[in-house]
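J.: Okay, here's the structure, questions in a sec.
The values are calculated or read from the model by the stated rules, or taken from the named source; none is laboratory data. Computed from a predicted structure; not experimentally measured. Here the Cβ positions follow ideal geometry from the backbone for every residue, glycine too, while neighbour counts run over all protein chains shown.
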Amino acid sequence: MALADYKKDMEGCSRCSSCKWVPFNQIKSWRFAKNCPSITRHNLHAYSGSGKMIIGLSMLEERSQLNETISDIIYRCQLCGACDVACKVYRDDIDLTDVLLELRAHCVEQGELIADHMLMIDALKKEDNVFGEPKSERGAWAEGLGLKDINKEPAEVLFHAGCRYCYDRELWGTVRAGVKLLKKAGLDIGTAAAEESCCGGRAYELGYRGEAENFADAMLSRVKASGASVLVTPCSDGYAAFRYYYPRLGKELPVKVMHITEMLQQLLAEGKLRLNRPLPLLVTYHDPCHLGRKSEPYTGEWEGSKLDRPMHLKRAGKKGIYDPPRNILRSIPGLELTEMERIRSYAWCCGAGGGVLEAYPEFASWTAAERIEEALSTGAEGLVTACPWCVRAFRDAVEEMRAPIQIYDLTELVARSAGIEEEV
């Protein structure tokens, strides 16, 4: 696909500005009524989903040209997908998120690049991770866990940790505890150890399609060689890449792909894990964009008018992973869940996605702080999520704000209640 393939989507935008707000029948207060960090922060229509549609159509019709200012507007967006969800309440023949993705690919094709993103792509090429850390140290987090190395022997379940968990040492306790939970339930777990690489999802979102396809090819080969029938990942970014970006590239993985929250819910339902230790906490849950809105499976490209497209082929953010994390939280004795105003497909972003954290850190920090304020408004003692990028963004924001709330990874709480002895 290319930007020109979405001309009708851009022409169809009625400039209603619904993309800037939580759908009106879901708004609970003026304070938390907005859904798009980009337009909320910069307060100029060009930064909204609709504004970017106008930009794309104008360039396509050669009424304007791509330049540094325009590319800056295009990339000051977390690609969280909230605008697409709100748009589809009224116009389900428009795929707004796909237009935003094609705008970025257009920037790369035209050589209008963001310097910080180029550094990230260079790091991916050199060390197979977004941080540029040594590839040889990628499997260090799993030392002593006795996991199978799929490069040497097959395993029934392939565990893909993801870049953040592999290199953010403060999160090692969480990912190690997650693996211990799976092993306690009797699963045959293997990893690619130092040979694991980035899923390539971040490269795809930045518009570097060739690089993303290379990582997808490598992952496809790794999965086939592993002998696994199931791939489990605790990384929501990787989960969304495997479920949507890979099939869109024609690289669908020949295994059942599960986020760790789905697997934990299944194991609890089957009685293979038990949560016995009470955790007397009042918590609220943050829906990660990549685990919720953006994890809907790829449904193919529709030929002809999208007005005729059946509902089951329309990605509107409703089919993501929303219930498993909440079901797990409600299974933990002593723990009470209270919800924020913007939840599920209407959730506000943590700020870390779409290359914003790397290129516009102040914007990313502001976005995370807005979500912390919403969490505080519930009276919760803790904010729980199921994404390492969200955990890192929120912990940094809480430290900067000195906010009186703890940030938890869901796996961390499950491990504690299950009696897993791991420092998390």
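J.: Among the residues of the range 35-42, is there at least one that is at pLDDT 95 or above, farther than 27 Å from Ser377 by Cβ, touching a helix residue (DSSP H, G or I) at 6+ places or on another chain (Cβ under 6 Å) and not acidic (Asp, Glu)?
T.: no
The rows are residues; the columns are (1) out of contact with any strand residue (DSSP E or B) (no Cβ under 9 Å at 6 or more places or on another chain); (2) of a type in the set (Gly, Ala, Ser); (3) farther than 16 Å from Ser18 by Cβ.
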{"position": "Leu57", "(1), (2), (3)": "yes, no, yes"}
{"position": "Gly81", "(1), (2), (3)": "yes, yes, no"}
{"position": "Val85", "(1), (2), (3)": "yes, no, no"}
{"position": "Asp92", "(1), (2), (3)": "yes, no, no"}
{"position": "Glu102", "(1), (2), (3)": "yes, no, yes"}
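The rows are residues; the columns are (1) at pLDDT below 95; (2) touching a helix residue (DSSP H, G or I) at 6+ places or on another chain (Cβ under 6 Å); (3) acidic (Asp, Glu).
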residue: Arg342; (1), (2), (3): no, no, no
residue: Ala347; (1), (2), (3): no, no, no
residue: Tyr360; (1), (2), (3): no, no, no
residue: Glu373; (1), (2), (3): no, no, yes
residue: Leu383; (1), (2), (3): no, yes, no
residue: Tyr408; (1), (2), (3): no, no, no
residue: Arg416; (1), (2), (3): no, no, no
residue: Glu422; (1), (2), (3): yes, yes, yes
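J.: What is the one condition in (1) outside any helix (DSSP H, G or I); (2) touching a Lys or Arg at 6+ places or on another chain (Cβ under 8 Å); (3) more than 16 Å from Gln406 (Cβ to Cβ); (4) of a type outside the set (D, E, K, R) that Gly354 does not satisfy?
T.: (2)
J.: Regarding Leu171, is this residue crowded, with 21+ Cβ neighbours inside 10 Å and either among the hydrophobic types (A, V, I, L, M, F, W, C) or touching a strand residue (DSSP E or B) at 6+ places or on another chain (Cβ under 7 Å) (or both)?
T.: Details: crowded, with 21+ Cβ neighbours inside 10 Å: yes; either among the hydrophobic types (A, V, I, L, M, F, W, C) or touching a strand residue (DSSP E or B) at 6+ places or on another chain (Cβ under 7 Å) (or both): yes.
Taking the combined requirement at face value, the residue satisfies it.
J.: Further question: What is the one condition in (1) surrounded by fewer than 23 Cβ atoms within 10 Å (Cβ to Cβ); (2) part of a helix (DSSP H, G or I) that Arg164 does not satisfy?
T.: (1)
J.: Against the conditions (1) buried (at least 22 other Cβ atoms within 10 Å of the Cβ); (2) touching a strand residue (DSSP E or B) at 6+ places or on another chain (Cβ under 8 Å); (3) of a type outside the set (Lys, Arg); (4) not in a helix (DSSP H, G or I), where does Cys349 fall short? Just the number, please.
T.: (2)
J.: Further question on the same structure: Which of the following residues is β-branched (Val, Ile, Thr) and in a helix (DSSP H, G or I): Val384, Val391? Walk me through it before giving the result.
T.: Numbers: Val384 fails: in a helix (DSSP H, G or I).
Answer to the check: Val391.
J.: Anything in the range 189-215 that is in contact (Cβ under 8 Å) with a residue 12 or more places away in the chain and among the small types (Gly, Ala, Ser)? List them, or say none.
T.: Gly190, Ala192, Ala193, Ala194, Ser197, Gly200, Gly201, Ala203, Gly207, Ala212
J.: Checking Leu268 against (1) among the hydrophobic types (A, V, I, L, M, F, W, C); (2) within 22 Å of Arg176 (Cα to Cα); (3) free of Cβ contacts under 8 Å to residues at least 24 places away in the same chain, which single condition isn't satisfied?
T.: Result: Leu268 passes all but (3).
J.: Any idea which of (1) over 24 Å from Trp348 (Cβ atoms); (2) over 24 Å from the mean Cα position of the chain (by Cα); (3) outside any helix (DSSP H, G or I) is the one Cys16 doesn't satisfy?
T.: Failing condition for Cys16: (1).
J.: Continuing with this model, one more query. Return yes or no: is Glu373 without any contact (Cβ under 8 Å) to a residue 60 or more places away in the chain and not in a loop (DSSP other than H, G, I, E, B)?
T.: It is true that Glu373 is without any contact (Cβ under 8 Å) to a residue 60 or more places away in the chain and not in a loop (DSSP other than H, G, I, E, B).
J.: Hey, another quick one. Evaluate the range 290-298: report whether one residue or more is closer than 30 Å to Arg91 by Cα, part of a helix (DSSP H, G or I), in contact (Cβ under 8 Å) with a residue 12 or more places away in the chain and among the acidic types (Asp, Glu).
T.: no
J.: Being in a helix (DSSP H, G or I) and either closer than 18 Å to Ile260 by Cβ or among the hydrophobic types (A, V, I, L, M, F, W, C) (or both) is the filter here; which residues of the range 394-409 pass it?
T.: In the first step, residues of the range 394-409 are kept if they are in a helix (DSSP H, G or I); the result is 394-401.
Those that are in a helix (DSSP H, G or I) and either closer than 18 Å to Ile260 by Cβ or among the hydrophobic types (A, V, I, L, M, F, W, C) (or both): Phe394, Ala397, Val398, Met401.
J.: Among the residues of the range 167-216, how many are in a helix (DSSP H, G or I) and closer than 30 Å to Asp72 by Cα?
T.: 15
J.: Just wondering, is there one or more residues in the range 328-343 that are within 20 Å of the chain's Cα centre (by Cα), surrounded by fewer than 23 Cβ atoms within 10 Å (Cβ to Cβ) and within 21 Å of Thr97 (Cβ to Cβ)?
T.: yes
J.: Scan the range 257-265 and give yes if some residue there is in contact with an Asp or Glu (Cβ under 6 Å, 6 or more places away or on another chain) and crowded, with 23+ Cβ neighbours inside 10 Å, otherwise no.
T.: Within the range 257-265, none of the residues are in contact with an Asp or Glu (Cβ under 6 Å, 6 or more places away or on another chain) and crowded, with 23+ Cβ neighbours inside 10 Å.
J.: Filter the range 223-264 for residues that are assigned to a loop (DSSP other than H, G, I, E, B) and small (Gly, Ala, Ser) and give the result.
T.: If the condition is that a residue be assigned to a loop (DSSP other than H, G, I, E, B) and small (Gly, Ala, Ser), then Gly227, Ala228, Ser229, Gly250 are the ones that fit.
J.: Checking Leu307 against (1) touching a residue at least 40 places away in the same chain (Cβ under 8 Å); (2) surrounded by 14 or more Cβ atoms within 10 Å (Cβ to Cβ); (3) closer than 26 Å to Leu3 by Cβ, which test does it fail?
T.: (2)
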